[in-house]
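Right, one structure below, let's go through it.
The values are calculated or read from the model by the stated rules, or taken from the named source; none is laboratory data. All values reported here derive from a predicted model rather than from experimental measurement. Note that each Cβ is placed from the backbone with ideal geometry, even for glycine, and that neighbours are counted across all protein chains shown. These area figures cover heavy atoms from the full protein model, side chains too; ligands, DNA and RNA do not enter into them. Shrake-Rupley method; radii C 1.70, N 1.55, O 1.52, S 1.80 Å.
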Amino acid sequence: MAEPNGINERQRELFVRKSARVAASYLKRAKALSEMPDAAKPFFDVLENIYIKLTDIQKPEDRKSIGTLCVMVPAELIYAAGAMPVRLCSGSYTAYSIGDDYIPRDACPLVKAVMGFGKARALPAFDNCSLLIAPVTCDCKKKLAGVIDTVKNTVPLHVPPLKKEDADTEVFLKELYRLIPILEKETGVQITARSLAEGINTVGNAQYEMSEFLKYRRHDPALMSGTQVLSVMNAYSYMPVSMWAKQMHRLNGEMKQRLEQERFVSRKNQPRILVTGSPIAFPNIKVPLLIEEMGGVFAADETCMGERGLYDPVSVIDPSFDGMMRALASRYTKPCTCPVFVDNSQRIYRIKQMIKEHKIQGVIYHVLRGCLVYDYEYQLMEEAMGKLNIPIIRVESDYNEEDVEQLRIRIEAFIELIKMHTSA
C-alpha cells in the first residue's frame with residue numbers, strides 16, 4: 001500500500017539502493033579522472049554522506065535547515081536568522097523517476113527530482129529542512145512551489161523579470177523584507193543589523209576563497225580536473241559556509257603548491273571547454289565526465305551550480321539595516337546572468353569574459369530537456385560565439401543513462417572539431 005502523499009516502504013528501500021549506487025558510480029569516476037588534491041577529498045566526503053550514506057547536514061544541532069530551490073535565495077539572510085541554507089537542486093535520476101508520477105511529463109528533470117525526494121522521504125538533507133524557499137523564476141519552479149507545499153511548508157519568492165532599473169530592485173527588496181518575519185518565526189531568532197552584517201561577512205569570506213581559487217582554475221595546463229571542481233562547488237549546497245570556506249582555503253594552498261611544482265592534470269594542447277546552460281547538479285555530472293574522459297579539459301562553467309553562485313560578493317555602501325538589505329537585493333538581481341530575466345545581455349558579456357580569462361576553445365551549451373528559459377537563448381549564444389570564431393554545440397540531456405552513448409559520440413566529435421579548428 002502506498003502511504004498518503006508518498007511511496008511505500010518497499011519502494012523506498014529500492015529507491016535508497018539505486019540512488020546510492022548511481023551516486024557512488026559517479027563519485028568514483030570523478031575521483032579517477034586525475035590526481036585529486038587531498039584538500040578536495042572532504043568535499044567529496046560531503047557528497048558521499050548526503051547521497052550514498054544518506055546522513056544529514058553536518059551542522060550545530062540547534063541550527064535549523066532551510067531548503068532553497070535556487071541561487072536567488074540570499075544565503076546571508078538565512079544565516080542572519082540563525083539557520084543554515086541547504087540548496088536542494090538535485091540531479092538524481094532515481095528521485096526524478098518518482099517525481100515523474102507527480103509532475104507533468106514535459107517539466108524539467110530538476111523539478112521532478114526535487115518532488116521525488118519530497119515524496120520518497122529518504123534524503124535527510126531534504127527531510128530535515130523545516131521550511132523550503134522557492135524563487136518563482138520559471139513556470140516549472142512556479143508550479144513546483146505550489147505542489148511541493150503538500151510535502152513541506154514552502155514559501156514562494158517572487159523574482160522580477162526585469163533588473164535594469166532601481167524600481168526592479170525595489171520589487172525584490174520588498175520580497176526579501178516579506179521573507180524576514182517568516183524566517184524569524186521559523187527559527188525563533190530576530191534578524192538584526194548585526195546578524196545580517198555577520199551573515200554577509202561569512203558568505204563574503206567564502207566568495208573571497210572562491211575568487212582566489214578561480215585564479216588557479218584559469219591556469220593552462222589545468223591544475224585540477226574540472227569535474228572535480230564542479231563537485232567541490234556542488235558540495236557548497238550541503239556544507240555550512242564557514243566550513244566550506246575553511247576547506248577551500250586549504251585547497252587554495254594545495255593549488256598554489258601544485259603550480260609551484262608544475263603538477264598539472266592536462267597538457268597544453270588539450271581542448272579547453274566552457275559549459276554553460278542548465279544547471280549540472282550532482283549526481284548528474286555525466287556531461288563534465290564525458291568531456292574529460294574523451295580528452296577535453298572542462299576548464300570553466302557558467303552555471304548556477306558552479307561558480308555563478310559565488311561569483312559576485314555583496315557590496316555594502318550603507319551599513320544600516322536597510323542599506324544592507326538593498327545591497328542584498330541588488331547583488332541577487334543586477335549582476336545575475338540567469339536567463340529568467342527579459343534582458344540577459346550581461347550573460348553574453350560574462351561568457352565572453354570567461355572565454356578570454358580561461359583560454360576557452362569551445363563551448364558546450366547544456367540544456368536539460370524541458371528547460372525552456374535556457375533553450376530559448378541558444379540562438380543568441382550561437383551568434384555571439386560565431387562572431388568570436390569559437391565552436392559551440394547544443395547538448396540536450398535528461399537525468400537518465402539512456403543518452404550517454406549518444407552524448408559520448410557528440411562530445412568526442414566536438415573535441416575533434418576543436419582540435420582541427422585550433423590547428424588550422
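Please go through the range 390-419 and pick out each residue that is closer than 17 Å to Asn269 by Cα and aromatic (Phe, Trp, Tyr).
Of everything in the range 390-419, just one residue is closer than 17 Å to Asn269 by Cα and aromatic (Phe, Trp, Tyr), namely Phe414.
Restricting to the range 137-174, count the residues that are among the aromatic types (Phe, Trp, Tyr) and either in contact with a strand residue (DSSP E or B) (Cβ under 7 Å, 6 or more places away or on another chain) or not in a helix (DSSP H, G or I) (or both).
Here the count works out to 0.
Since Ala329 meets every condition but one in (1) in contact with a Leu (Cβ under 8 Å, 6 or more places away or on another chain); (2) assigned to a helix (DSSP H, G or I); (3) within 27 Å of Glu170 (Cβ to Cβ); (4) open to solvent by 30 Å² or more (accessible area, probe 1.4 Å), which condition does it not meet?
Answer for Ala329: the failing condition is (4).
So Ile78 passes all but one of these: (1) out of contact with any Phe, Trp or Tyr (no Cβ under 8 Å at 6 or more places or on another chain); (2) open to solvent by 10 Å² or more (accessible area, probe 1.4 Å); (3) in a helix (DSSP H, G or I). Which condition number does it fail?
With respect to (1) out of contact with any Phe, Trp or Tyr (no Cβ under 8 Å at 6 or more places or on another chain); (2) open to solvent by 10 Å² or more (accessible area, probe 1.4 Å); (3) in a helix (DSSP H, G or I), Ile78 is out only on (2).
Every residue in the range 349-404 that is open to solvent by 60 Å² or more (accessible area, probe 1.4 Å), of a type in the set (Lys, Arg) and farther than 30 Å from Ile103 by Cα, please.
Matches in the range 349-404: Lys352, Lys356, Lys359, Lys387.
In this structure, is Pro240 at pLDDT 95 or above, touching a strand residue (DSSP E or B) at 6+ places or on another chain (Cβ under 8 Å) and within 30 Å of Ile409 (Cβ to Cβ)? Steps first, answer last, please.
Working: at pLDDT 95 or above: yes; touching a strand residue (DSSP E or B) at 6+ places or on another chain (Cβ under 8 Å): yes; within 30 Å of Ile409 (Cβ to Cβ): no.
No; evaluated as a whole, the condition is false for this residue.
For the range 310-324, give me each residue that is surrounded by fewer than 21 Cβ atoms within 10 Å (Cβ to Cβ) and assigned to a helix (DSSP H, G or I).
So the first thing to find is which residues in the range 310-324 are surrounded by fewer than 21 Cβ atoms within 10 Å (Cβ to Cβ), and the list is 311-323.
Of everything in the range 310-324, those that are surrounded by fewer than 21 Cβ atoms within 10 Å (Cβ to Cβ) and assigned to a helix (DSSP H, G or I) turn out to be Tyr311, Phe321, Asp322, Gly323.
Only one of Ser345, Ser330 is under 30 Å from Arg194 (Cβ atoms) and small (Gly, Ala, Ser). Can you tell me which?
Details: Ser345 fails: under 30 Å from Arg194 (Cβ atoms).
That would be Ser330, the only listed residue that is under 30 Å from Arg194 (Cβ atoms) and small (Gly, Ala, Ser).
Could you list all residues from the range 86-143 that are open to solvent by 10 Å² or more (accessible area, probe 1.4 Å), of a type in the set (Gly, Ala, Ser) and closer than 28 Å to Phe341 by Cα?
If the condition is that a residue be open to solvent by 10 Å² or more (accessible area, probe 1.4 Å), of a type in the set (Gly, Ala, Ser) and closer than 28 Å to Phe341 by Cα, then Ala107 is the only one that fits.
Taking the condition of being touching a helix residue (DSSP H, G or I) at 6+ places or on another chain (Cβ under 8 Å) and open to solvent by 70 Å² or more (accessible area, probe 1.4 Å), how many residues in the range 16-28 meet it?
The qualifying residues number 1.
Given Lys31, Lys41, Lys64, Lys53, which one is open to solvent by 30 Å² or more (accessible area, probe 1.4 Å) and touching a strand residue (DSSP E or B) at 6+ places or on another chain (Cβ under 7 Å)? Quick ask: steps written out before the conclusion?
Numbers: Lys31 fails: touching a strand residue (DSSP E or B) at 6+ places or on another chain (Cβ under 7 Å); Lys41 fails: touching a strand residue (DSSP E or B) at 6+ places or on another chain (Cβ under 7 Å); Lys53 fails: touching a strand residue (DSSP E or B) at 6+ places or on another chain (Cβ under 7 Å).
That would be Lys64, the only listed residue that is open to solvent by 30 Å² or more (accessible area, probe 1.4 Å) and touching a strand residue (DSSP E or B) at 6+ places or on another chain (Cβ under 7 Å).
Within the range 59-72, take every residue that is more than 19 Å from the chain's Cα centre (by Cα) and either in a helix (DSSP H, G or I) or not basic (Lys, Arg) (or both) and give me the one that is nearest to Ser231 (Cα to Cα). Steps first, answer last, please.
If we filter the range 59-72 for residues that are more than 19 Å from the chain's Cα centre (by Cα), which is where we start, we get 59-64.
Now drop any that are not either in a helix (DSSP H, G or I) or not basic (Lys, Arg) (or both), which leaves 60-62.
On the way: Pro60: 24, Glu61: 26, Asp62: 28 Å.
Going through the qualifying residues, I end up with Pro60.
Hey, among Leu47, Leu33, which residue is farther than 19 Å from Ala122 by Cβ and either at pLDDT 90 or above or part of a helix (DSSP H, G or I) (or both)? Talk me through it step by step, then tell me what you get.
On the way: Leu47 fails: farther than 19 Å from Ala122 by Cβ.
Going through Leu47, Leu33 in turn, the sole match is Leu33.
Can you pull out the residues in the range 120-136 that are part of a loop (DSSP other than H, G, I, E, B) and touching a strand residue (DSSP E or B) at 6+ places or on another chain (Cβ under 9 Å)?
Looking only at the range 120-136, we keep the residues that are part of a loop (DSSP other than H, G, I, E, B), and these are 121-123, 128.
Answer for the range 120-136, where residues must be part of a loop (DSSP other than H, G, I, E, B) and touching a strand residue (DSSP E or B) at 6+ places or on another chain (Cβ under 9 Å): just Asn128.
Out of the helices (runs of 4 or more DSSP H) lying entirely within the range 220-298, which hold 3 or more residues that are among the basic types (Lys, Arg) and open to solvent by 10 Å² or more (accessible area, probe 1.4 Å)? Spell out the reasoning first.
Values: elements: 226-235, 241-261, 286-293.
Filter on the range 220-298 gives 241-261.
For the range 150-195, which positions are closer than 15 Å to Tyr332 by Cβ, without any contact (Cβ under 8 Å) to a residue 12 or more places away in the chain and either of a type outside the set (Asp, Glu) or buried (at least 17 other Cβ atoms within 10 Å of the Cβ) (or both)?
Those that are closer than 15 Å to Tyr332 by Cβ, without any contact (Cβ under 8 Å) to a residue 12 or more places away in the chain and either of a type outside the set (Asp, Glu) or buried (at least 17 other Cβ atoms within 10 Å of the Cβ) (or both): Lys174, Arg178.
Would you mind telling me which numbered condition in (1) β-branched (Val, Ile, Thr); (2) surrounded by fewer than 22 Cβ atoms within 10 Å (Cβ to Cβ); (3) not in a helix (DSSP H, G or I) Thr202 fails?
(3)
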